[in-house]
Amino acid sequence: MAEKIILTGDRPTGRLHVGHYVGSLRERVRLQDSGEFDKVFIMIADAQALTDNAENPDKVRKNIIEVALDYLACGLDPAKTTIFVQSMVPQLTELTFYYMNLVTVARVQRNPTVKNEIKMRNFEASIPVGFFCYPISQAADITAFKATTVPVGEDQEPMLEQCREIVHKFNSVYGPTLTMPEIVLPSNDACMRLPGIDGKAKMSKSLGNCIYLSDPADVVKKKIMSMYTDPNHVRVEDPGQIEGNCVFTYLDAFCKPEHFAKYLPDYENLDALKAHYQRGGLGDVKVKKFLIKVLEETLSPIRERRHMWEARIPEVYEILRKGSEVAAAAAAETLHDVRDAMRINYFDDQELMNQPYEQQL
Ligand code: TRP
């Protein structure tokens, strides 16, 4: 049977937050521990981060360790998962260069995630070529490891689509070589797009609306107490709205049935809590205090593990260094296959090298 292989990763542009956790990290740890996969690769995408941070190399540099610590804190286990740094695997750049020939400019321009990012960064008239090509480099990341499974947030769907097109095109032009990957999205709606604490669409560092995995307990508490709810729910007796109320969105993402018996035994489950809120008579503070307990159950072990690794920084870099070596060896195998398929393997081809000139033509 063909191997089952995971590849995914994050740009090191900031510490990871609870949106990353429910959108992807939690699932990665589950998949890592499921025993269903032969190999798991998790990449810190520094080269991709540089595509729109060329002038901020120090930002990228310092966030390598932040992201690595967040990974280890969440339970990614270097004994089961190869954690590595993208730029330490130069084979990825070479693959990207070959794949560029298989993609049109118009196709990248239609990529909705790229379109959106160009708008957000005000790049319109001055898009760096490297940034424009990052969906192609992402296809290199995925195919280099023969990934069958790519667990990511929904914003990455267009990247996977583009990658699949490249695989299809490569295999039809050069013969079957690359593995076709499948995307794995988070399983519930709240996890697909966890809003920021201000109720805005998405958590983002620039909006200052994130709860970070590394936030201390008192900071998390303060952030939850300031969370956006239903602006028309003024008095406790007033009926409240669940839709767009991020306290409930977070509960959808984090709450488990057993949390009620433990922290809020007056309610059977989340539906009962929601029904009471909608009827009126349930105050925001009570729901927020419950959310703090629920969230702390996830965050406090993460925080503890992070502190443990923060005291062992040289070991963390060593994990990345070894992981990058393993990753480079895996990517080198694929690159070898790619060069064969593309007929640019001249010096491996004794027959070619020994053929008389008349037969070279
Ligand atoms: N684009 C991803 C992000 O912004 C990071 C990434 C780079 C990635 N290469 C990848 C994700 C390959 C999955 C597969 O977080």
Notebook entry, point to check: Looking at segment 167-182, is at least one residue of a type in the set (S, T, N, Q) and within 16 Å of the ligand (Cβ to nearest atom)?
Noted result: yes
Notebook entry, point to check: Can you name the residue in segment 124-149 that is in contact with a helix residue (DSSP H, G or I) (Cβ under 7 Å, 6 or more places away or on another chain), of a type outside the set (A, V, I, L, M) and outside any helix (DSSP H, G or I) and is also nearest to the ligand (Cβ to nearest atom) among such residues?
Noted result: Phe145
Next item on the list: Run down Asp230, Asp238, Asp266, Asp271 and say which single residue is in a helix (DSSP H, G or I) and farther than 27 Å from Glu66 by Cα.
Entry: Asp271
Next item on the list: Looking for whichever is without any contact (Cβ under 8 Å) to a residue 60 or more places away in the chain and of a type in the set (Asp, Glu) here; the options are Asp252, Asp266. Which one fits?
Entry: Asp266
Next item on the list: Exactly one condition in (1) in a helix (DSSP H, G or I); (2) surrounded by 16 or more Cβ atoms within 10 Å (Cβ to Cβ); (3) assigned by TED's automatic domain parsing to the domain that holds Met227 is not met by Ala327; state its number.
Entry: (3)
Notebook entry, point to check: So is Ile83 touching a Cys at 6+ places or on another chain (Cβ under 6 Å) and surrounded by 23 or more Cβ atoms within 10 Å (Cβ to Cβ) or not?
Noted result: no
Note to self: Looking at Asp46, Asp70, can you tell me which residue is closer than 30 Å to Met342 by Cα and within 13 Å of the ligand (Cβ to nearest atom)?
What the structure shows: Asp46
Next item on the list: Report yes if some residue within segment 123-142 is at pLDDT below 95, polar (S, T, N, Q) and over 18 Å from the mean Cα position of the chain (by Cα); otherwise report no.
Entry: yes
Next item on the list: Could you tell me which residue of segment 108-122 is modelled with the lowest pLDDT, considering only residues that are of a type in the set (S, T, N, Q) and touching a helix residue (DSSP H, G or I) at 6+ places or on another chain (Cβ under 7 Å)?
Entry: Thr113
Note to self: With the structure loaded, tell me whether Pro186 is at pLDDT below 95, in the same structural domain as Ile136 (by TED's automatic domain parsing) and not in a helix (DSSP H, G or I) or whether it fails that test.
What the structure shows: yes
Note to self: Scan segment 32-42 and tell me whether some residue there is assigned to a helix (DSSP H, G or I) and either at pLDDT below 95 or more than 15 Å from the chain's Cα centre (by Cα) (or both).
What the structure shows: yes
Next item on the list: Can you run down the residue pairs with Cβ atoms below 7 Å, 6 or more apart or on separate chains, where the first is in segment 47-67 and assigned to a helix (DSSP H, G or I) and the partner is within 14 Å of the ligand (Cβ to nearest atom) and basic (Lys, Arg)?
Entry: Gln48/Arg11; Ala49/Arg11; Glu66/Arg15
Check: Do we find that Arg321 is of a type in the set (Lys, Arg), assigned by TED's automatic domain parsing to the domain that holds Ala144 and loosely packed, with under 14 Cβ neighbours inside 10 Å in this structure?
Finding: yes
Note to self: Yes or no: segment 208-226 includes at least one residue that is crowded, with 16+ Cβ neighbours inside 10 Å, outside the structural domain of Gly75 (by TED's automatic domain parsing), among the aromatic types (Phe, Trp, Tyr) and free of Cβ contacts under 8 Å to residues at least 60 places away in the same chain.
What the structure shows: no
Item checked: Lone qualifier among Val152, Val89, Val114, Val105 - being within 10 Å of the ligand (Cβ to nearest atom) and in the same structural domain as Gln48 (by TED's automatic domain parsing) -> Val152
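The values are calculated or read from the model by the stated rules, or taken from the named source; none is laboratory data. This is a predicted model, so every value here is computed, not measured. With ideal geometry, Cβ positions are generated from the backbone for all residues, glycine too; neighbour counts draw on all protein chains shown.
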